[in-house]
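What follows is a single structure, written as structure tokens, with notes after it.
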Amino acid sequence: MAQRETWTSRAGFIFAAVGSAVGLGNIWSFPFQTASNGGAAFLVVYLLAVFLIGFPTMLIEFTIGRRSKQNAVSAFAELGYGDWTFAGAIGVFASFITLAFYSVVGGWVISYIVGSVTGAYLGDAGAYFGSVSSGLVAVGAHALFIAVTIGIVAFGVADGIERATKFMIPAILVLLVGLAVWASTLPGAGAGYSYYLSPDFSVIASNFGDIVPAAMGQAFFTLSLGFGVMIAYASYLGRDDSLPGDSAIIVVLNTIVALLAGFAVFPILAATSGVGGASGGAGTAFIALAGAFGQLPAGQIIGLVFFIVLLFAALSSSISLLEAPTSYVVDSQGMERRTVAIGIGAVAFVLGIAPAYGYVGLFNDLVFNVLLPVAVLFIALFVGWVANREAVDELGRGSSIGEGATTIWLWWVRIVVPIAVIVTLYLGVTSFYTGLTTGAYF
Ligand code: PHE
């Protein structure tokens, strides 16, 4: 079998992992989840979820990946715990399902780039969304998006993924800063900032059951945790750098991008439809923002920049979603990467026809509310209680963190992460089940 690839440098790995983390979740879901869950109150819970649960969970995936040098499914057997393979398999299954609907939303972004150039959504954003979000146009754009994703993954880890993300991440940062600065000049920006940044804690108390699973699901999703993606990416690490150091950089950069997106989106909403007007599902974000671009001076060009940022973010994530199942087949069957990427991408395309006909919400909630928490629960139990010695040893390699910090991490992973995830899972499954039985998804 050919030698397994590795990243060319530590920075290459970090760019790729940040590329995976920074996606539609940061720029599209985050501001709108925040808007519809009470603004700053949600932000506080979300930040706690990212740093207290997400960060230690990323270390779980990194230790498994780097230790085993295998994809998320084979990793468990490679470490000598074949019985736990299912834990990785749930994650890889989640990444496959996610790729299917993520690519549909990526297709919407392509349609909005076209619409920014032609000006098609400026007059009536709702009608434009209706015409591109489902049906043949949506299927076509989804096909285009997934084709580009396949193209990048087919080139491999260093020539494809690393090179693409090294270009896209800096571009996203620069353009978002520009958008946020522009947004600060809008009349009414202040009202946007205050909704975004001054928490009303009574909102948390009265909506605990909604805010907690939303914030936790968002934290896992935005950090690409529970998908086996970070296991796969860490498996391509050729040498031992500090895993806690790398995770910290990735988590902080990912958070900066989400916060910046909020700094762009809230003033824009405040200046047009109002911050409260954007609550609701997947499409509301596209409609509210595109509608806002239609009302603002220079809105067309700003809209174009915004949707280009969104496209880069979506692509640098979708390649990691395809990489997780691809690496599994390449590692375990010894097949050629290009063939595998095309094959898996093609199946995900077919599966994505359902969300392209209106089932994005169903796919999204299945992943957010059920698959992710289940996958994270099992990998946390695995690292905490089963492979703890290997994980602790791996965490110490190349890093200067002391025994005390390692012990805290281990107990955190054993107790705190599982409890937080079980609460989330209970609330998330309840709301998913309610959605299924009330017909909210169909
Ligand atoms: N983190 C990505 C986002 O925020 C989504 C994603 C999840 C990408 C899992 C890859 C793997 O949009």
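The values are calculated or read from the model by the stated rules, or taken from the named source; none is laboratory data. Nothing here was measured: the structure is a model prediction, and the numbers come from that model. A quick note on method: Cβ atoms are made from the backbone with ideal geometry, for glycine too, and the neighbour counts reach across all protein chains shown. Ligands, DNA and RNA are stripped out before the accessible areas are found, and what is left, the full protein with its side chains, is counted by its heavy atoms. Shrake-Rupley method; radii C 1.70, N 1.55, O 1.52, S 1.80 Å.
A compact table of results
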read-out: Lys/Arg +1, Asp/Glu -1 at C-beta; region 1-131 dipole; positive extreme among 9, 121, 88; value: 9
read-out: Between 0 and 90°, nearest 10: helix 372-381 axis offset from the chain longest Cα axis; value: 30 degrees
read-out: Lys, Arg +1 and Asp, Glu -1 on Cβ, resulting dipole of the chain about Cα centre, debye, nearest 20; value: 300 debye
read-out: Between region 100-147 and region 372-442, the Cα center-to-center distance that results, in Å; value: 36 Å
read-out: Helix-derived mean residue ellipticity, 222 nm - over the chain, DSSP H n ≥ 4, -39500 (n - 2.57), to 500; value: -23500 deg cm²/dmol
read-out: Nonlocal amide H pairs with residue 72, under 5 Å, H built at 1.01 Å; value: 232
read-out: Relative contact order for region 60-217, counting Cα pairs under 8 Å that sit 6 or more residues apart, in percent; value: 12 percent
read-out: For region 118-124, 3J(HN,Hα) per residue [Karplus equation, 6.51 cos²θ - 1.76 cosθ + 1.60, θ = phi - 60°, Hz, x = Gly/Pro]; value: 7, x, 5, 9, 5, x, 9
read-out: Mean separation of Cα contacts under 8 Å, 6 or more apart, over the residue count of the chain: relative contact order %; value: 34 percent
read-out: Apportionment of accessible area to carbon and sulfur, region 130-254, percent (1.4 Å); value: 71 percent
read-out: Folded to 0 to 90 degrees: helix 243-271 orientation relative to the chain principal axis, Cα; value: 10 degrees
read-out: Ranked order, 198, 29 - accessible area, probe 1.4 Å, largest first; value: 198, 29
read-out: Ranked by how many other beta carbons lie within 10 Å on average, peptides 96-106, 415-425 from highest; value: 96-106, 415-425
read-out: Region 3-62 - percent of accessible surface contributed by carbon and sulfur, probe 1.4 Å; value: 67 percent
read-out: Magnitude of the charge dipole, region 160-300, Cβ model with Lys/Arg +1 and Asp/Glu -1, debye to 20; value: 280 debye
read-out: Cα gyration tensor shape of the chain, rounded if a/c is under 1.5, else prolate or oblate by comparing a/b with b/c; value: prolate
read-out: Karplus (6.51, -1.76, 1.60) ³J(HN,Hα), θ = phi - 60°, over region 81-91, in Hz, Gly and Pro reported as x; value: 10, x, 5, 8, 3, 4, 4, x, 5, 4, x
read-out: Normalised contact order of region 169-279, rounded percent, pairs of Cα under 8 Å and 6 or more residues apart; value: 62 percent
read-out: Between 0 and 90°, nearest 10: helix 417-438 axis offset from the chain longest Cα axis; value: 50 degrees
read-out: 51, 368, 378, 155, ranked by accessible area, largest first (probe 1.4 Å); value: 155, 51, 378, 368
read-out: Accessible surface, the chain, averaged per residue in Å² (probe 1.4 Å); value: 35 Å²
